[in-house]
Amino acid sequence: WSSRDFSWTKELEVHNKKVFGNRSFRPNQREIINATMSRRDVFVLMPTGGGKSLTYQLPAFIEEGITLVVCPLVSLIQDQIMHLLQANIPATYLSANLEWTEQQRILRDLLSTCNYKLLYVTPEKIAKSDALLRQLEILYSRGHLSRIVIDEAHCVSQWGHDFRPDYQNLGLLKQKFPETPVLALTATATASVKEDVVQALGLANCIVFRQSFNRSNLRYIVMPKTKKCFEDIDCFIRKNHHKECGIIYCLSRMDCEKVAEQLREYGHQASHYHGSMEPFDRAEVQRLWSKDKINIICATVAFGMGINKPDVRFVIHHSLPKSIEGYHQECGRAGRDGQPSSCVLYYNYSDYIRVKHMITQGSAEQVTSRPPGRSVSKHEQALQTHKENLLCMVSYCENDVDCRRFLQLIHFGETFDPSHCAKTCDNCLKGLRWIEKDVTDIARQLVELVSSIRQACSSSHILEVYRGSMNQNVKKSNHDALPLHGAGKNLAKGEAARVLRHLVTEGILTEDVKKSDYGSVSSVLKVNHTKAGGLRSGNHIIVLKFPTPEQ
Ligand code: ADP
């Protein structure tokens, strides 16, 4: 879209400086503003910190009428409104946490004075408030509804990592107000999520802006997660970011508390943050962290959307993230000020089983509490996508050769020349020396071994049998008598495990979670015979990259 001059160009430049205090526009901002002010529907993919807010706040300030902004979190809305009011831009919001009389007053004011430039709402307001829709209809009929902004638009998509049911209703806005331009903004979307969002919002002819998702100031590291993980985290922070501000993402609420406690024992100022805390306590932890009274926040992924702290110097993942999109966005909270920052992921394959279990359980709960009209099969489809997303994440972590930036960006459909990484990821730092090895025979043997064992067993058991272990479990189950027992005994350490995990990420083997009567969770490996067909017939060759031996 054009960056040429429009009738509003001069005004944009003046107010960008005077009202918003910016010296110039950042990449794409001017083009996006021109497109939306030309009344086109626009879809924007811009990384966190890229400056998406300006693309609707500046037009809202200049134009007549009200801009409706749908935003998922009240805390994020309050933060935006505070900044707008500081800049003397009249803005308000409606959400369920306001007193009823206050909500009535705001609704009345919308029409009677037309004083507001921006009205922020949570998505459930659109779904549930007829009074709001009536006022919007009046504004629209008077030509005063100047723009509809959908912030964090990826929440519309079931395939996205952050689906929110209330976002699904937002398609009605385009139906009710077809003449009002829509601006959908997100910092994360794969091609399929983008398509889904565009369709759900009814933006068939929208202009799409897409910016590189590469965050060159972030360095990406995957580290093995061992029993001394807390010690490793402590060491990493001390060595690289002593007393600096960071986030540690944990899988469960209990993990958050445990990690925070351990770090405090190591002398760090750390607190936990998760959904089971009282809202006041949660807000207090966030406040202390924002004001640098606490350095480290150990949180579930509930913490983050709308966190605007510019100087977060590190984001650590204590467990496997659920998808590359989620991971990329969580990492994106580091270094918003452009300064070098670190993203470290502690990876252990066993977390895959834990996360998969959580995803499956969460989905089962959603099926039982699903809204009327939502079919079970839609849930099943979504569950399948979430499982695939998780496997992509496993495969990212398992890859100890390719540039991390390249691997992330390719996921978003972007190309990236690894030589531009400049050793800012662990794999490039290792020097990219690797050899390709045909592991088809090993893969075939592992598949045969899994299918020859009738009873349920885990990947670690299969590996033990394959490597010729004579431990108690192997002997008790008579698996030392299997023809493939010990077939992999001469392989280098970790090689068979790597191939087995590759078979899981390819879907040739599936590893499911089994819960015992006593509540303990173990995994069960099975062969997906359809996918294994090519391997058995010799049509499917598997070549993996391994670091060269001298490293
Ligand atoms: P996003 O929503 O894309 O994550 P924001 O809109 O919150 O990003 O902007 C991130 C930061 O960049 C904010 O502090 C904002 O004031 C600043 N910013 C946005 N546009 C510009 C600009 N043109 N020049 C300088 N700073 C800008």
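If you take the Cα atoms of segment 99-190, find Rg, then find the Kirkwood Rh from the mean of 1/r over all pairs, what is Rg/Rh?
My calculation of the ratio gives 0.98.
Where Rh is the Kirkwood radius over the Cα pairs of segment 441-551, the temperature 25 °C and the viscosity 0.890 mPa s, what D in µm²/s does Stokes-Einstein return?
167 µm²/s
Can you give the charge dipole size of the chain about its Cα centre, rounded to the nearest 20 debye, using +1 on the beta carbon of Lys and Arg and -1 on the beta carbon of Asp and Glu?
Approximately 420 debye in magnitude.
What's the local net charge at H242, with K and R +1, D and E -1, over the other residues with C-beta under 13 Å away?
+2
Rank these for me by crowding, C343, C235, going from fewest to most other beta carbons within 10 Å.
Ranking C343, C235 by Cβ neighbours within 10 Å, fewest first, gives C235, C343.
Provide the gained length on full extension for the span S452 to T360, in nm with one decimal, where the gain is 0.36 nm per separating residue minus the Cα-Cα distance.
Extra length from S452 to T360 when fully extended: 30.4 nm.
Among the DSSP beta bridges whose two residues both lie in the chain, what percent are antiparallel, rounded to the nearest 5?
For the chain, the DSSP antiparallel bridge percentage is about 20.
Straight-line reach only, C-alpha to C-alpha below 16 angstrom: list the aspartates and glutamates that K475 could link to, leaving out same-chain residues fewer than 8 apart.
Counting by Cα, and skipping residues close in sequence, K475 has these aspartates and glutamates nearby: E464.
Taking the radius of gyration and the Kirkwood hydrodynamic radius from Cα positions alone, what is the Rg/Rh ratio for segment 204-331, to two decimal places?
Radius of gyration relative to Kirkwood radius: 1.00.
What is the ratio of the Cα radius of gyration of the chain to 2.2 N^0.38 Å, where N is its residue count, to two decimals?
This ratio for the chain stands at 1.07.
Output needed: percent of Cα pairs per 10 Å distance bin for segment 278-362, bins running from 0 to the one holding the longest distance.
15, 45, 30, 9
Which one, F412, Q472, N427, projects farthest toward the positive side of the charge dipole computed for segment 384-499 from Cβ point charges (K/R +1, D/E -1)?
Q472
Suppose the chain between R536 and D438 were pulled fully straight at 0.36 nm per residue; how much longer would it get relative to their current alpha carbon spacing?
Taking 0.36 nm per residue and subtracting the Cα distance, the gain is 33.8 nm.
For segment 229-277 and segment 469-487, what is the centre-to-centre distance using only Cα atoms, to the nearest Å?
Answer, in whole Å: 41.
Rounded to the nearest 500, what is the chain's calculated 222 nm mean residue ellipticity when only DSSP H runs of at least 4 contribute -39500 (n - 2.57) each, over all residues?
-13000 deg cm²/dmol
If each residue of separation counts as 0.36 nm, what is the full-extension length gain between S38 and D337 once their alpha-carbon separation is subtracted?
Going from the current span to full extension adds 104.5 nm.
Would you list D337, D232 from fewest to most Cβ contacts within 10 Å?
Least crowded to most crowded, the residues run D337, D232.
Compute the distance from the alpha-carbon center of segment 135-172 to that of segment 19-88, in whole Å.
15 Å
Report, in cubic angstrom per residue, the convex hull volume of the C-alpha atoms of segment 441-480.
In segment 441-480, the Cα convex hull volume per residue is 63 Å³.
Give the Cα extents of segment 148-272 along the principal axes, in whole Å, largest first.
Largest first, segment 148-272 extends 58, 31, 24 Å along its Cα principal axes.
Give, to the nearest whole percent, the P(r) tail of segment 392-489 beyond 16 angstrom, counting all Cα pairs.
Roughly 66 percent, once rounded to a whole number.
To the nearest 20 Debye, how big is the dipole of segment 196-339 about its Cα centre, given +1 on the beta carbon of each Lys and Arg and -1 on that of each Asp and Glu?
For segment 196-339, the charge dipole is close to 340 debye.
Could you please tell me the mean projected area of the C-alpha convex hull for segment 411-460, averaged over all directions and given in square nanometres to one decimal?
6.5 nm²
Mind giving me the FRET efficiency for A283 and A96? R0 is 22 Å, r the Cβ-Cβ distance, nearest 0.05 is fine.
0.85
In square nanometres, what is the average projected area of the Cα convex hull of segment 36-168?
Mean projected area for segment 36-168: 8.3 nm², to one decimal.
Given contacts defined as C-alpha pairs under 8 Å and at least six residues apart, what's the relative contact order of segment 463-517, whole-number percent?
In percent, rounded to a whole number, it is 31.
If the viscosity is 0.692 mPa s and the temperature 37 °C, what Stokes-Einstein diffusion coefficient in µm²/s follows for segment 89-129 when Rh is the Kirkwood radius over Cα pairs?
It comes out at roughly 311 µm²/s.
What base-10 log of the normalised intensity I(q)/I(0) is obtained for segment 245-301 from the Debye formula, alpha carbons as equal point scatterers, at q = 0.16, 0.17, 0.30 Å⁻¹?
-0.40, -0.45, -1.29
Using Cβ counts within 10 Å as a stand-in for footprinting exposure, how do W289, W100, W434 rank, fewest first?
Ranking W289, W100, W434 by Cβ neighbours within 10 Å, fewest first, gives W100, W434, W289.
Quick note: the coordinates plus some simple rules give every number you see, no bench work behind them. Bear in mind that the values here come from a model prediction, so they are computed numbers and not experimental data. When we count neighbours, we look across all protein chains shown, and the Cβ atoms used for this are built from the backbone with ideal geometry, even at glycine.
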